[in-house]
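Report on the following structure.
The values are calculated or read from the model by the stated rules, or taken from the named source; none is laboratory data. Being a predicted model, the structure only gives us computed values, none of them experimental. Heavy atoms of the whole protein, side chains included, go into the accessibility calculation; ligands, DNA and RNA do not. Shrake-Rupley method; radii C 1.70, N 1.55, O 1.52, S 1.80 Å.
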Amino acid sequence: ARGIGVWNFNASAIESLLPHVKVRPAVNQCGFSVAGHSGIRYRNQTWGRDDATLAACRRHNITLMAYSPLGSAAPGGVPRVLSDTNVRAVAAAHNRTAAAVALRWLVQQGVPVVTQSDKKEHMVDDLEGVFSFELTDSEMARLAAIR
């Protein structure tokens, strides 16, 4: 194999895997979002939904790719992310949707996202709206503080 990917590997799983493989994973796909990056535990595992996993991926040149980037893997799910007062305040400051801000927070960190929609306006916002503005350092920190 020339390229492989893994799914829901947390930092310790990545560290355990690497000494035993000849081909390093290129991608680790994990549920990761503004509200879902603080080590949410399910069955005593974080499933890669934490900042330590993002750091481990970066350290080993593995791309962490975010599925559920609007938070369906986080406690409270999508409604929590889209109605969060901090997300909405940043969105208002940029005249963008809460979804665009949540996606931009990931993309601006170099985290590719996997989105899905059956609504054309959401697809357009996901593809075009996310790249048409930039968050400030203080906005990035404000959003990173959401737990």
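Accessible area per residue for the chain, computed on protein heavy atoms with a 1.4 Å probe, is 55 Å².
Apolar share of the accessible surface for the chain: 53 percent from carbon plus sulfur atoms, 1.4 Å probe. When the helices of the chain are scored as -39500 (n - 2.57) per DSSP H run of n ≥ 4 and the total is divided over every residue, the value at 222 nm lands at -11000 deg cm²/dmol.
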